[in-house]
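A short write-up of the structure that comes next.
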């Protein structure tokens, strides 16, 4: 279905919802799944009749991913520019055509996006304990990456970074001259400062981050932490490559092609 046709529906019917499968797939307790479904029902986002669930129009409005499609299309367009240097790939695909393609074949494209995105979120939530802690860690990481790039550009002897993994590991091990404080993290992540402080304490306790005397935070560089993050990074690269392959095959070689 196209994006317009999909979001013009009043309801979407799910014949049977298996709480055990959702619990297993999302790696959260069954009772938590039940509580979340009750919450969605009480806010008129879904309706239940026996084992049948109806996703209401309100949910469709909330989930309409206009901005997300623009962001994804930008990434795909940039990747196609890089890949176009390879003879086997063919011509690059401009962002406008990608946006149009996703709108026209929305349900197919969005299924594959969710197949990448949901495991990605689960993987990081499982490692950090919750999504907010991961966002706080990521805000600190942005500052550390900028510091690494700036110091590398100014260095007389450039570091030997031959791959994205080399760069990623260098970022994790990099000791920035300045960190970032709780207020700035709150501004970047849009998470309340009190929540940020609570998450920072937990992240520091688990050696995911370190704190200096100025109450500025940097990414933790313990061997255990680096190995855990590296494992997630490599898994993400593999799955993202699969997502890119699927999308470009759909656009270039399937019955939906551009």
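FYI, it's all coordinate maths here, none of it is from the lab. Note that the structure is predicted; figures quoted are calculated from it, not measured. When we count neighbours, we look across all protein chains shown, and the Cβ atoms used for this are built from the backbone with ideal geometry, even at glycine.
Annotations for the structure displayed:
- Most mobile listed residue (248, 89, 106) in the chain, GNM with C-alpha springs under 10 Å: 89
- Length added when fully stretched, residue 62-residue 81, from 0.36 nm per residue minus Cα-Cα: 3.6 nm
- Computed over segment 161-235, the ratio Rg/Rh where both radii use C-alpha atoms and Rh is Kirkwood: 1.00
- Segment residue 95..residue 5, full-extension length gain: 30.2 nm, with 0.36 nm per residue of separation and the alpha-carbon distance subtracted.
- For 190, 23, order by how many other beta-carbon atoms lie within 10 Å, fewest first: 190, 23
- Packing-based exposure ordering (other Cβ within 10 Å, fewest first) of 32, 246: 32, 246
- Residues 137, 88, arranged from fewest to most other Cβ atoms within 10 angstrom of their Cβ, appear as 88, 137.
- Secondary-structure-derived ellipticity at 222 nm for the chain, considering helices only, amounts to -21500 deg cm²/dmol, per-run term -39500 (n - 2.57) for DSSP H runs with n ≥ 4.
- One Cα centroid belongs to segment 54-79, the other to segment 1-44; the line between them spans 17 Å.
- Over all Cα atoms in segment 100-244, the spread is summed up by Rg and Dmax: 17.0, 54 Å.
- Cα-derived Rg over Rh, computed across segment 3-62 with Rh taken as Kirkwood radius: 1.00
- Fully extending the segment from residue 150 to residue 126, taken as 0.36 nm per residue of separation minus the present Cα-Cα distance, adds 5.4 nm.
- Helix 66-83 axis, angle to the chain major axis (alpha carbon atoms, nearest 10°): 60
- Rg of the Cα atoms in the chain, relative to 2.2 N^0.38 Å, amounts to 1.18.
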